[in-house]
Amino acid sequence: MEAGALIRMPLFVVVFGTPWTISTASFASESCDEVTRPHVVDVYPSTSVVPQNLLRFYLYFDAAMDRESSRSQYFVRDEHGGVIDSVFLSTRFELWSEDARRLTLLLDPGRIKTGISGEGNSKNLLKPQHRFELIIGGALMSQAGCPLTDDFKHPFFVSQPDRISPNPNKWALELPLANSRESLRVKLQEPLEHVSLAYRIRVKTSSGASVRGGISLGREDRTWRFTPHELWMEGEYQLVVDPMLEDLAGNRPVGLFDDPTGESRTRHESAQPIVISFQVRSDRSQGPRPEE
């Protein structure tokens, strides 16, 4: 244990089946102030409206977090303040990134997927047209031994389940100018899964060489932006989409997450990347670039 770390205290109790967190502020080292305390800096999906069959939340922290203190420090509360049990899949290990700054919360697939069992027993507890809050307990600590102290609250609204596969061929591209480092903007039909947007879309030249650059997302994950490290050359490029790209409900271009017919499995086996060709020119013939 690092110097100055907290003494491990019970962080979670149950009173008549209702979980709640105990503040550890009084146990914190004097060195744990607003600057040194960890904070939640991003939550994905960033959109405030999610489908009933949402599969994941991603939480990003500004410090490496203590993995042991995270268990039972997250839950969902309904609009009346009641805690919703069995929303998340119970696993032996928490899903942390290697640097312990990203926590993946996997909602129980048993709520929605045919033929599997889970904590939710195929009963979806997130009702459409209702508001909820994702709560991260203030007792969650950094590896330096400092707690969040205050509960983090992320409100979201649940819409109807999403049972439509994403279709990259319907995306709208806003093209950059040649001899510039303008961003290629891709307007998506819907918010897509955060990690998929980072790893399953690539820009290549017409010969298939990868174009180096950075990726960012627009408001509510509805726009994917690619900014090249070097100037765009005039000519043809390709947007290459991995067929395993997922939307917020786990649906892919090759099939639905919950497909009792089995058609999706066959389509997965023969799936090829989706290639969308586009031209980069030295004039704005494609029209002005609207603001997001």
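For (1) open to solvent by less than 60 Å² (accessible area, probe 1.4 Å); (2) at pLDDT 90 or above; (3) closer than 23 Å to PRO191 by Cα, each residue gets a yes or a no:
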| position | (1), (2), (3) |
| --- | --- |
| GLU34 | no, no, no |
| GLN52 | yes, yes, yes |
| ALA64 | yes, yes, no |
| ARG71 | no, no, no |
| GLU79 | no, yes, no |
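Counting only residues that are outside any loop (DSSP other than H, G, I, E, B), more than 17 Å from the chain's Cα centre (by Cα) and of a type in the set (Lys, Arg), the range 148-175 holds 1 of them. Pairing each residue of the range 240-251 that is crowded, with 20+ Cβ neighbours inside 10 Å with any residue that is part of a loop (DSSP other than H, G, I, E, B) and polar (S, T, N, Q), provided the two are 6+ apart or on different chains, yields C-beta distances under 7 Å for ALA249/ASN53; ASN251/SER165. The set of residues in the range 209-222 being open to solvent by less than 40 Å² (accessible area, probe 1.4 Å) and at pLDDT 95 or above consists of VAL211, GLY213, GLY214. So for the range 215-227 (the condition being more than 30 Å from ARG101 (Cα to Cα) and of a type outside the set (A, V, I, L, M, F, W, C)), does at least one residue qualify? No, the range 215-227 contains no residue that is more than 30 Å from ARG101 (Cα to Cα) and of a type outside the set (A, V, I, L, M, F, W, C). Of all residues in the range 176-227, those being in a helix (DSSP H, G or I) and closer than 21 Å to ARG252 by Cα number 8.
A search for C-beta distances below 7 Å between a residue of the range 174-186 that is at positive phi and any residue that is surrounded by fewer than 16 Cβ atoms within 10 Å (Cβ to Cβ) and assigned to a loop (DSSP other than H, G, I, E, B), counting only pairs 6+ apart in sequence or on different chains, returns ASN179/LEU231; ASN179/SER282.
Every listed requirement among (1) at pLDDT 95 or above; (2) open to solvent by less than 40 Å² (accessible area, probe 1.4 Å); (3) of a type in the set (D, E, K, R) is met by ARG181 save one, (2).
The values are calculated or read from the model by the stated rules, or taken from the named source; none is laboratory data. Quick caveat: nothing in here was measured; it's all calculated off a predicted structure. Methodologically, a virtual Cβ is constructed for each residue, glycine included, from the backbone with ideal geometry; neighbour enumeration extends over all protein chains shown. Heads up: the accessible areas ignore ligands, DNA and RNA and are worked out on the full protein's heavy atoms, side chains in. Shrake-Rupley method; radii C 1.70, N 1.55, O 1.52, S 1.80 Å.
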